[in-house]
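The values are calculated or read from the model by the stated rules, or taken from the named source; none is laboratory data. Keep in mind the model is a prediction, meaning the values are calculated, not measured. Backbone-built Cβ (ideal geometry, glycine too); neighbour counts: all protein chains shown. Only protein heavy atoms, including side chains, enter the accessible area calculation; ligands, DNA and RNA are left aside. Shrake-Rupley method; radii C 1.70, N 1.55, O 1.52, S 1.80 Å.
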Amino acid sequence: MTPREYLGSAAVPGGQELKLYRRGGDFMIVLDRNELMSSRMSGSEKQLALMTIDRLKGCKAPHLLIGGYGMGFTLRAALGALDATARITIAELVPEIIEWARGPMAKLAAGCLDDPRVTLMLDDVVPVIAAGHGLYDAILLDVDNGPDGLTAAANDRLYNGKGLEAARAALKPGGILAVWSAGSDDAFTRRLRGSGFLVEEVAVRARDNGKGPRHVIWFAQKR
């Protein structure tokens with residue numbers, strides 16, 4: 001087996017340390033012993049964008065907020081599905097994630113951060129949402145392994161009642177909050193409904209070929 005090569009680390013503000021590895025042509029971002037993301041498995045991250053955009057059919061010049069760049073799979077899928085009138089704001093808390101995208105993973109990034117439709121904000125997505133009253137047609141969140149603060153405890157602010165209320169306020173009427181997760185969470189589904197959203201929970205496979213672990217995406221539409 002090809003050995004895993006360590007490429008760098010990054011401290012998550014208020015959280016733990018992320019480490020970037022490469023094995024052959026594949027990249028992995030690891031938190032402790034958890035492989036948070038891998039270039040081998042990108043299907044569900046792409047579907048986070050594609051399935052959200054599909055639910056926005058008929059929306060002219062949509063404005064999307066993506067919380068967490070990761071390895072850029074969600075962003076690249078969104079750019080490929082949207083026309084020139086769309087806008088995408090990326091909120092990324094960890095500057096090194098962007099440095100890695102422009103450095104060792106530049107081929108994987110394929111210039112997506114330089115697309116004229118993209119605005120990059122090196123910031124916590126929580127205040128970005130709070131400042132965006134009625135601004136977004138969709139908010140796409142993939143900042144943890146699910147609706148809890150794994151990478152940083154402060155991320156719980158996204159998923160509690162107050163966080164969901166802020167997300168709802170930041171959406172336009174009919175807008176969609178889409179949340180990626182490694183697994184289901186009945187309590188989070190109830191919180192979404194209790195916050196006034198119409199909720200759809202969809203299971204998606206981790207790999208593009210329809211195989212791999214089952215991940216979950218919640219699509220919560222503002223009434």
Item to complete: Note down the net charge around P213, summing +1 for each Lys or Arg and -1 for each Asp or Glu among other residues with Cβ under 14 Å from its Cβ.
Response: +2
Item to complete: Between E35 and R4, with labels modelled 7 Å along Cα→Cβ, what's the label distance in nm to one decimal, could you check?
Response: 0.8
Practice prompt. May I ask which of K60/K172; K19/K46; K60/K162; K57/K211; K57/K107 have a Cα-Cα span longer than 19 Å here?
Written response: K19/K46; K60/K162; K57/K211; K57/K107
Worksheet item: Given springs between every Cα pair under 10 Å in a Gaussian network model of the chain, which of A81, A203, A182 has the largest fluctuation?
Response: A81
Practice prompt. Could I have the simple spin-label model distance between S184 and L50, label points 7 Å from Cα toward Cβ, reported in nm to one decimal?
Written response: 2.4
Worksheet item: Under a plain spin-label model, where a point goes 7 Å from the Cα along Cα-to-Cβ, how far apart in nm are K172 and D26?
Response: 4.0
Fill in: Within the stretch 98-223: Cβ-based charge dipole about Cα centre, in debye rounded to nearest 20 (Lys, Arg +1; Asp, Glu -1)
360
Worksheet item: What order, most packed first, do the peptides 12-19, 136-143 have when packing is the mean number of other Cβ atoms within 10 Å of each residue?
Response: 136-143, 12-19
Worksheet item: Can you give the charge dipole size of the chain about its Cα centre, rounded to the nearest 20 debye, using +1 on the beta carbon of Lys and Arg and -1 on the beta carbon of Asp and Glu?
Response: 620
Worksheet item: Which of the following values of log10 I(q)/I(0) by the Debye sum over Cα atoms at q = 0.07, 0.12, 0.16 Å⁻¹ was calculated from the structure shown: (1) -0.23, -0.68, -1.15; (2) -0.33, -0.76, -0.98; (3) -0.19, -0.59, -1.11?
Response: (3)
Worksheet item: Using only helices, what value at 222 nm comes out for the chain when you add -39,500 (n - 2.57) per DSSP H run of length 4 or more and divide by the total residues, to the nearest 500 deg cm²/dmol?
Response: -7500 deg cm²/dmol
Practice prompt. Run through the DSSP bridge list for the stretch 1-133 and note the antiparallel percent, rounded to the nearest 5.
Written response: 65
Worksheet, complete the sentence: Taking every other residue with Cβ under 10 Å from the Cβ of R168 and scoring Lys and Arg +1, Asp and Glu -1, one gets +1
Worksheet item: Lys/Arg Cβ at +1, Asp/Glu Cβ at -1, dipole of the chain taken about the Cα centre: which of A206, L56, L140 is farthest positive-ward?
Response: L56
Worksheet entry | For the stretch 31-50 and the stretch 165-223, distance of Cα centres in Å | 16
Worksheet entry | Summed residue charge, Cβ within 11 Å of R76's Cβ, Lys/Arg positive, Asp/Glu negative | -1
Item to complete: Name the residue farthest towards the positive end of the dipole of the stretch 134-223 from the options F188, I176, L164, assuming +1 on Cβ of Lys and Arg, -1 on Cβ of Asp and Glu, about the Cα centre.
Response: I176
Worksheet item: In nm, what is the difference between 0.36 nm times the number of residues separating R193 and R102 and their Cα-Cα distance?
Response: 28.9 nm
Item to complete: Pop the C-beta distance of C59 and N209 into the FRET formula with R0 = 41 Å and round what comes out to the nearest 0.05.
Response: 0.85
Worksheet entry | Per residue accessible area of the stretch 1-98, 1.4 Å probe, in Å² | 45
